[in-house]
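Encoded as structure tokens, the structure appears first; notes follow it.
The values are calculated or read from the model by the stated rules, or taken from the named source; none is laboratory data. Keep in mind the model is a prediction, meaning the values are calculated, not measured. Quick reminder, even Gly has a Cβ in these numbers, built from the backbone with ideal geometry, and neighbours come from all protein chains shown. Each accessible area value is taken on the protein alone, full model and side chains, heavy atoms only, with ligands, DNA and RNA left out. Shrake-Rupley method; radii C 1.70, N 1.55, O 1.52, S 1.80 Å.
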Protein chains: 2
Amino acid sequence: MRGTESGFKKVVIFGTGLIGGSFALALRRAGVVGEVVGFGRSAKTLEQARGLGIIDRIGQDVAIEVANADLILLATPVGQMGELMSRIAPHIGLHALVTDGGSTKGDVVAAAYANLKDKVSRFIPAHPIAGAEQSGALAARADLYVGKKVVITPLPENSKDDILRVRKAWEACGATVSELTARQHDEVFAAVSHLPHLLSFALVHDIAERENRDLLLSFAASGFRDFTRIAASSPEMWRDISLANREALLHEVKRYADELYVIYQALENNDAEKLEEIFSLAREVRGSWTPQ
Amino acid sequence: MRGTESGFKKVVIFGTGLIGGSFALALRRAGVVGEVVGFGRSAKTLEQARGLGIIDRIGQDVAIEVANADLILLATPVGQMGELMSRIAPHIGLHALVTDGGSTKGDVVAAAYANLKDKVSRFIPAHPIAGAEQSGALAARADLYVGKKVVITPLPENSKDDILRVRKAWEACGATVSELTARQHDEVFAAVSHLPHLLSFALVHDIAERENRDLLLSFAASGFRDFTRIAASSPEMWRDISLANREALLHEVKRYADELYVIYQALENNDAEKLEEIFSLAREVRGSWTPQ
């Protein structure tokens, strides 16, 4: 480990699966962490995490481990963060920093104000954009965040130094860090992530309920395959994300339904020009976009 | 070339791009074709096709070349097929077979009845399901159809022997051939191909028209990438397919809008159970489906 100036003597990870485990492995590989202690609800995942060298120890007492931690990562499902925050809040030290790996930020920030109370200034919210078809400690990789984006959504209560320190932790994992407000974050991800997931689930669900679904699926090809890849995502996770980002997502679904109606009308009116105009702009924009 | 029993002495290809060129190359590789003559609107594509060994000769006179052809493939854009059919109809010999590579079948069949007239019995419509991100003679490959599906939609006027012979031609290309009616075909592909394309175009178009589109796209990740891959497809081709399969596609868009409204309501009502139920069925069906 390097000095505490640029590193962390002790990191505590809540949830040692893909997101938390990869964070720990990446910090280790960057040589910026001393000891890593893990907590979690699954004893099996914790044992695996220890066996894989993701964590040094399985934590026993939250109060004790949190008290002298330099950095705490909350990598549990978003729905569990409020309760977890209220458990750790009384024990967070003056120099400890807290960050998280949640896919939505408005709800996590609200939970932080409600549960971290006077320690809320220690919490710099983060969302690592690392697609997770797999999950669990076995899926954790030191390079999961390399070349990926992490969005941090600092609070007015955060100090510049603390924001910088959390930023550097994610950068040490290989990520590029951007800053948005929690509201901006949730609006952006409603449009480019949550809506597409919902649309993909909707298409497959609609087909799944038909009597001739096997016939239909037997002729589905590569376009269908790619369009519906995300419909194989975790139902529980996407239920929670949808509800956590409900307002922004409702707005997006409404917008999309309006867009779809424009296309429906163009088709109904045999408006070839309008259809080509819509498809052309989409092709132009999609064709010149490359994923980060 | 094998004997005429199982092969074709002379094949004429209209449109020597990806679909037509690959058909010619595949028949050659299978050793079931003598001479291949190509026609097309682009002199450059025809020259490339000859240079690449896709065709032996560039045709000069449609009447002469069609008169003694054993097999004729119509691989032009669907919108041009009616006119082409009326040009070749008077010259089609008694033993010549005609097939096509169009993505929609109802409109092609209607064009055949209108333009092939008393030669309509020679036409066995086909749709090779071979995704085409690329196009042109340079993209043609002898193995394009290997392991792919080809749907033929025979007409009541076709003889069993002729259907079998066209089936065997596509099978010689390495494809698995299925039979549907033209109407069934168009309904199936509206659901599993045309609708997803339209939905993908719609999402990108909606984002493309926003002031903050660059910000949005800068945070789009792998889910968005796969969902929108088909939004980079040819606008002209998809305009034509949408209009050609208008009735079935309108029905699908309406169905989908209803499905989306159910999800919108579940979200509006914070109905976690309903959302999870929808996402779970989608995941189950998508997870157990594998593309052919």
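The table for this structure:
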read-out	value
Length-normalised contact order for chain A - Cα pairs under 8 Å, 6+ apart - percent	16 percent
Förster radius 25 Å - calculated FRET efficiency between A:ASP143 and A:ASP118 (Cβ-Cβ, nearest 0.05)	0.10
GNM top mover of A:LYS149, A:LYS160, A:LYS105 - chain A, alpha-carbon springs below 10 Å	A:LYS160
Set of lysines with alpha-carbon distance to B:LYS160 below 30 Å, sequence-local pairs under 8 removed	B:LYS9, B:LYS10, B:LYS105, B:LYS117, B:LYS119, B:LYS148, B:LYS149, B:LYS168
Partner chain coverage, peptide A:260-267 - average Cβ within 10 angstrom	6
Per-residue SASA entry for B:LYS9, accessible area with 1.4 Å probe, Å² rounded to 10	120 Å²
Value of [θ]222 nm, deg cm²/dmol, for chain B, DSSP H segments ≥ 4, -39500 (n - 2.57) each, nearest 500	-14500 deg cm²/dmol
Residue with peak Gaussian network fluctuation, chain A [Cα springs, cutoff 10 Å], from A:GLY101, A:GLY51, A:GLY21	A:GLY51
Label point 7 Å beyond Cα along the C-beta direction, distances from A:VAL262 to other copies (nm, shortest first)	2.8
Nearest-20 debye value, region A:237-284 charge dipole, Cβ charges on Lys, Arg, Asp, Glu	320 debye
For chain A, alpha-carbon Rg and Dmax in angstrom	21.5, 70
Kirkwood hydrodynamic radius (C-alpha pairs) into Stokes-Einstein, region A:157-276, 10 °C and 1.306 mPa s, D in µm²/s	90 µm²/s
Inter-copy label distances at B:GLU35 (7 Å, Cα→Cβ; nm, one decimal)	8.7
Nearest beta-carbon to the B/A symmetry axis - residue in chain B, distance in Å	B:ASP226, 2
Position A:SER159, label points 7 Å along Cα→Cβ, spacing to each other copy in nm (shortest first, one decimal)	9.2
Gaussian network model of chain A, Cα within-10 Å springs - most flexible of A:LEU18, A:LEU97, A:LEU281	A:LEU281
Shape call, region B:8-180: gyration tensor on alpha carbons, a/c limit 1.5	rounded
For region A:65-132 versus region B:179-249, the gap between their alpha-carbon centres in whole angstrom	40 Å
Semi-axis lengths (Å, descending) of the ellipsoid that matches the C-alpha gyration tensor of the protein assembly as shown	57, 24, 20
Shielding score for A:244-257, defined as the mean number of other chain Cβ atoms within 10 Å	3
Accessible area buried at the B-A interface, both sides summed, 1.4 Å probe (Å², nearest 100)	8400 Å²
Environment charge of B:GLU268, counting only residues whose C-beta is closer than 12 Å and scoring Lys/Arg +1, Asp/Glu -1	+1
Inter-probe distance in nm under a simple model that places probes 7 Å from Cα toward Cβ, at B:SER86 and B:LYS160	3.7 nm
Approximate spin-label separation B:ASP271-A:ILE64, in nm, with each point projected 7 Å along Cα-to-Cβ	4.9 nm
